[in-house]
Amino acid sequence: MKTRTRVSATLPTSGARAAVYHLDISPGDVNPFVILVGNPERARRMASLLDRVDVERAHREFVTISGRHDGLPVTFCGTGIGCDNTEIALIELAQVADNLTLIRAGTCGALHEAIDLGDLVVTSGAMRLENTSLAYVDPGYPAVSHHEVVGALVQAAAREKAPCHVGITATASGFYGAQGRSVPGFPAKDPELPARLAAQGVLNFEMEASTLLTLASLRGFRAGVVCTVFASRTRDRFMPEEERRSAEDRCIRVALGGLHALAAVNRRSK
């Protein structure tokens, strides 16, 4: 029986089965079509959508589940919150698989009155208000979604009859002050940030997209982001808890539909 060894980035060339440090995954564990979610429990719930589950790994806050969805080889990865976790997940996924297509299916806060709770936002590009990506690229480097992924997600949202907005996302390094939220004892340095970004045409706030898109571009992977709106910053409203699961599930269905559309693009290009 082959033994599994742990590595941080460089995989060994011996016969040992290598497992990356945080995700506890090895070559062969990850399929070419990947959906990233923040909540690891959402990744576990998504496993019920698979025809079969071939691989399931859980280590620290990370959950990785691979299987087939209507014949498509898919991996669900629960990363936890934030750009630092997203960096770890993408880097380690890329150590055990190549030619990945990645879609983040997440939640966000809307910055415009015209975007309702439960609507979807498909990211065309992201403002890098975080500093994780600065470890790889200069400040002016654009975080952009792959055009094929944007198109596939818009088409999938239309099939789901889900209200969908396409545009610029702001990725923050935190949930409170980093997004202009003040709470008792912790006043935000820039409480006008949401209004200023909205005036610049930014549609939504979230906490992972720009790192994902930056690193995917560096590696040559297709990547994109679709988020369901859980909060309206202009109305100071959050989606009621009892409505969140169905909204998340619709976002996941759109992400899966997007992956199937992208797989069809691959087949047509051969």
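Before moving on, here are some points about what is shown:
- Scanning segment 96-124 for residues that are within 13 Å of the chain's Cα centre (by Cα) and within 17 Å of residue 198 (Cα to Cα) gives 108, 121, 122, 123.
- Screening residue 36 on (1) crowded, with 24+ Cβ neighbours inside 10 Å; (2) farther than 30 Å from residue 165 by Cβ shows it passes everything except condition (2).
- Members of segment 176-203 that are out of contact with any strand residue (DSSP E or B) (no Cβ under 7 Å at 6 or more places or on another chain), among the small types (Gly, Ala, Ser) and assigned to a loop (DSSP other than H, G, I, E, B): 180, 182, 185, 188
- Segment 89-108, subset among the hydrophobic types (A, V, I, L, M, F, W, C) and surrounded by 22 or more Cβ atoms within 10 Å (Cβ to Cβ), residue nearest to residue 230 (Cα to Cα): 108
- Counted residues, segment 207-256 - those being in a strand (DSSP E or B) and more than 17 Å from residue 43 (Cβ to Cβ): 9
- Answer residue from segment 52-77, given it is at pLDDT 95 or above and acidic (Asp, Glu) and is nearest to the chain's Cα centre (by Cα) among those: 56
- Selection from segment 177-211 of residues that are farther than 17 Å from residue 127 by Cα and touching a residue at least 12 places away in the same chain (Cβ under 8 Å): 188, 189
- When residues in segment 46-61 are screened for being free of Cβ contacts under 8 Å to residues at least 60 places away in the same chain and either under 19 Å from residue 248 (Cα atoms) or touching an Asp or Glu at 6+ places or on another chain (Cβ under 6 Å) (or both), 6 of them pass.
The values are calculated or read from the model by the stated rules, or taken from the named source; none is laboratory data. Keep in mind that this is a model prediction, so the values were computed, not measured. Cβ sites come from the backbone with ideal geometry, for glycine too, and all protein chains shown count toward neighbours.
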